[in-house]
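As structure tokens, the structure follows; a few thoughts come after it.
Quick note: the coordinates plus some simple rules give every number you see, no bench work behind them. Computed from a prediction, not measured in an experiment: that's the story for all the values here. Glycine gets a Cβ as well: all are built from the backbone with ideal geometry, and neighbour counts include every protein chain shown.
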Amino acid sequence: MRLLRTFSLVLAATVVAHALGDKTVFDTTSAPPPVNPRKADPFVLGMELGLNSLASVVGGRATWYPIQQLAVDAGGSWSNAGLRGGFGLRWFTSSEFSSPFVGVAWKRAAGVDSASLDNGSSGSAVTINPIQWIDAEFGYEIRRTDGLVIILTTGWSTAISSKRSTVVSGTLSKQARTNLDYFTGSGPIAAAAVGIGF
């Protein structure tokens, strides 16, 4: 009986102490939705690997999101047609964290004075002139709340420069002609970029 009375007093004292000391106000409202990362981190710096991509085969890429569904891209690197860079615009079809997009881009290569097209086996010398391309692209961007960005892009790149190369001497072999078309012509786009937002 004495033990039961002691237990009751301890329990009552604990309840009173808790009631007097606990000032918690229970909030029943739901948490606000997380901020869209394109608003929270409007700048992204990263690397791109691809074929006919904005940043050439491997290069740097920077993106700015002036509004939630629009991206302004810049990229560049060295290519077989010389130093190449470009700018692009992408429109997101959704305001979600990850979204499909459509876009356009403009690229320009500085050219090469003496291009190696077939390891010198034909003895020809070719100058690759400055070239411009217009890209039509679509793809998917994955944005995570921790800032990680993955951009997958495909589409078509169209060379708009008329005189893209000049044969200085010799005759181009079949392989050299194929490589020259590959370095300077139109073609499909396949690219993946990874970056971090800040």
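Do we have any residue at all in the range 107-124 that's out of contact with any strand residue (DSSP E or B) (no Cβ under 8 Å at 6 or more places or on another chain), under 18 Å from Val57 (Cα atoms) and of a type outside the set (Lys, Arg)?
Looking through the range 107-124, at least one residue is out of contact with any strand residue (DSSP E or B) (no Cβ under 8 Å at 6 or more places or on another chain), under 18 Å from Val57 (Cα atoms) and of a type outside the set (Lys, Arg).
List every residue pair whose Cβ atoms sit under 7 Å apart, with the two residues 6 or more apart in sequence or on different chains, where the first one lies in the range 66-77 and is within 16 Å of Arg143 (Cβ to Cβ) and the second, anywhere, is in a strand (DSSP E or B) and among the basic types (Lys, Arg).
Ala71/Arg90; Asp73/Arg61; Asp73/Arg90
With respect to Thr178, determine if the residue is within 23 Å of Val57 (Cα to Cα) and β-branched (Val, Ile, Thr).
Working: within 23 Å of Val57 (Cα to Cα): yes; β-branched (Val, Ile, Thr): yes.
Answer is yes for this residue.
Given the conditions (1) over 14 Å from the mean Cα position of the chain (by Cα); (2) more than 21 Å from Pro130 (Cβ to Cβ); (3) hydrophobic (A, V, I, L, M, F, W, C), which single one is not true for Trp78?
It fails just one condition, (2).
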